[in-house]
Amino acid sequence: MAAGILIIIGTCAGLYYFSRRVSVLIEAKLNAELDAKTQELQMSSAEAETESRRRDAILNSMFDGVIALDSSLNIILVNPRICLLFGHAPEKKVRNMSLLEFSHSAELDEAAQTVITQNQPCELNLKRFVSGNEQHFQVYAAPLQTLPPGVVMVLRDISRLVKLEQIRTDFVANVSHELRTPIQVIQGFSETILDSPPSDTEQLRYFAGIIKRNAQSMESITTDLLTLVSFEDETTARPPLEKAALTPLFAEASDAVLFSARNKNIDITTDCPPGLCAFVHRSLFVQALVNLMDNAIKYSGNNSRIFVSAFQDKDTLLVEVKDKGIGIPAEHKDRIFERFYRVDRARSREAGGTGLGLSIVRHIALLHRGTIEVDSHAGEGSVFRLRLPL
Ligand code: ADP
């Protein structure tokens, strides 16, 4: 009996000891597995974090705007560039905002909807007006493989390209327009001479004179255009500036317009202190002076006077070309420096103008890191001020 009890106790103790061992072993094994799992999880969450940081870095540095939307066209993700393009502060919370609310563009909303319904990528050009300015985007939209599918859109700002293209088209149209008139005149008069030659030599000379004037006008236009094109060619290096005494440059410019001034009996007064020097590109500086003086003569009546002066105003060289001519009405003042802009087209043409003179002066001022401005009143005369840093 006692032996039986002992056997039972012994078996129980053995079983207890055995189960303890097994549970310790299981616990150790579980702990090890748990540790491994924890480590694995920690690693994958660190990897996920690195991955997410990498993704943010890529999105943040992208020049294009990126926007990801869920199937209801609400925002899942945007990059800072798109916030900037659509005028949202970067810190503004836009997650879950609808695309329409974010972009105020029904066109963009429609494109996103099409991508979802057709499950196909699409491409479109988008035009927006932001505080009076035109903004142009090239938009690529593609299905986003989520469940249910969303849309990802990439927007590239092509406003500058569109503007350049517009300038190019306007330019070609302007040039053709400007050349058409002298070409037609030359054609008309040469045909007249050929078809019914005038018997009178005087009349023949008169026709030939008209042909010559129009050929000269075409030559001036092409010369001015080539000058402008050379300024606008970004591959050409800036012309080197050198220290030059200004008095001889003023004399050179006055000589160049002497003939036209004499023709109208216009007196030119020059005031340039001897010894005044500036860093300039000599021939371009003279060309700017000639263009301004030539205009002063062209747009003044006979027997008038023009004043040309240069002086140092602190660290700036101030050149003034002043006339008592027809002046410029206020509404045209801002535009006369544009290519081919003229207040009175017929008068400019008659005086041999090309509409490019002031635009060349503006370029020359810019090449010297300077400015050009005008102060003028219709009927009273004008003062053009060229300021160059000394
Ligand atoms: P243009 O060859 O026609 O003179 P510019 O570019 O030199 O071309 O000048 C543009 C326009 O500005 C002129 O057509 C003229 O209407 C106006 N303008 C320029 N200079 C003067 C001036 N001194 N007085 C009055 N109008 C001027």
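What the Kirkwood sum gives for segment 60-157 is a hydrodynamic radius of 13.3 Å, with every pair of different alpha carbons counted. Treating each Cα of segment 277-390 as an identical point scatterer and summing with the Debye formula, the log10 of I(q)/I(0) at q = 0.13 Å⁻¹ comes to -0.46.
By the gyration tensor of its Cα atoms, with a ≥ b ≥ c the square roots of the eigenvalues, what is the shape of segment 94-205: rounded for a/c under 1.5, prolate for a/b over b/c, or oblate?
prolate
The angle separating the long axis of helix 201-232 from the principal Cα axis of greatest extent in the chain is about 30 degrees. Each semi-axis of the equivalent ellipsoid for the chain is √(5λ) with λ an eigenvalue of the Cα gyration tensor; in descending order they amount to 82, 29, 17 Å. Can you say what percent of the DSSP beta bridges in segment 238-390, counting only those with both residues inside, are antiparallel? Round to 5. So the antiparallel bridges in segment 238-390 amount to around 85 percent. Compared with the dominant Cα axis of the chain, that is its longest principal axis, helix 282-298 is turned about 60°. Karplus-derived 3J(HN,Hα) values for segment 117-131, using 6.51 cos²θ - 1.76 cosθ + 1.60 with θ = phi - 60°, are 5, 8, 6, 9, x, 9, 10, 8, 9, 10, 10, 10, 10, 10, 5 Hz; glycine and proline are entered as x. Using the empirical formula 2.2 N^0.38 Å as the baseline, the Cα radius of gyration of segment 224-349 reaches a ratio of 1.14. Express in whole angstrom the spacing between the alpha-carbon centres of segment 99-143 and segment 293-357. What the calculation gives is 47 Å, centre to centre.
Between the beta carbons of THR146 and ARG95, assuming R0 = 22 Å, the FRET efficiency works out to 0.90 to the nearest 0.05.
Per-residue ellipticity at 222 nm from helix content only, as computed over the chain with -39500 (n - 2.57) for each DSSP H run of at least four residues, stands at -18000 deg cm²/dmol. Heavy-atom surface analysis with a 1.4 Å probe gives the chain a carbon and sulfur content of 56 percent of its accessible area. Averaged per residue, segment 72-190 has 61 square angstrom of accessible surface, using a 1.4 angstrom probe with ligands and nucleic acids left out.
What is the diffusion coefficient of segment 34-101 in µm²/s, taking the Kirkwood radius over Cα pairs and the Stokes-Einstein relation at 37 °C with a viscosity of 0.692 mPa s?
D, rounded to a whole number, is 238 µm²/s.
So which of LYS243/LYS324; LYS163/LYS212; LYS212/LYS324; LYS264/LYS333; LYS212/LYS333; LYS37/LYS92 end up more than 29 Å apart by C-alpha? Going by Cα-Cα distance, LYS243/LYS324; LYS163/LYS212; LYS212/LYS324; LYS212/LYS333; LYS37/LYS92 fall outside the 29 Å limit.
Rounded to the nearest 5, the antiparallel percentage of DSSP beta bridges internal to the chain is 90%.
In this label model, LEU164 and LEU179 are separated by 2.3 nm, measuring between points 7 Å along each Cα→Cβ vector.
Using the Kirkwood formula over every pair of different C-alpha atoms, what hydrodynamic radius in Å results for segment 164-246?
16.0 Å
When only Cα pairs below 8 angstrom with a gap of at least 6 residues are kept, the chain shows a relative contact order of 9 percent.
The angle between the Cα long axis of helix 159-195 and the main principal axis of the chain comes to about 30°, on a 0 to 90 degree scale. Length gained on full extension, ALA215 to LEU276: 18.0 nm, using 0.36 nm per residue less the C-alpha separation.
Taking 0.36 nm per residue of separation and subtracting the Cα-Cα distance, full extension of the segment from THR38 to LYS264 would add 71.7 nm.
The values are calculated or read from the model by the stated rules, or taken from the named source; none is laboratory data. Computed from a predicted model, the values in this text were never measured in an experiment. Positions of Cβ are generated from backbone atoms using ideal geometry, with glycine treated the same way; all protein chains shown enter the neighbour counts. For the accessible areas, the whole protein counts, side chains as well, though only heavy atoms, and no ligand, DNA or RNA atoms are used. Shrake-Rupley method; radii C 1.70, N 1.55, O 1.52, S 1.80 Å.
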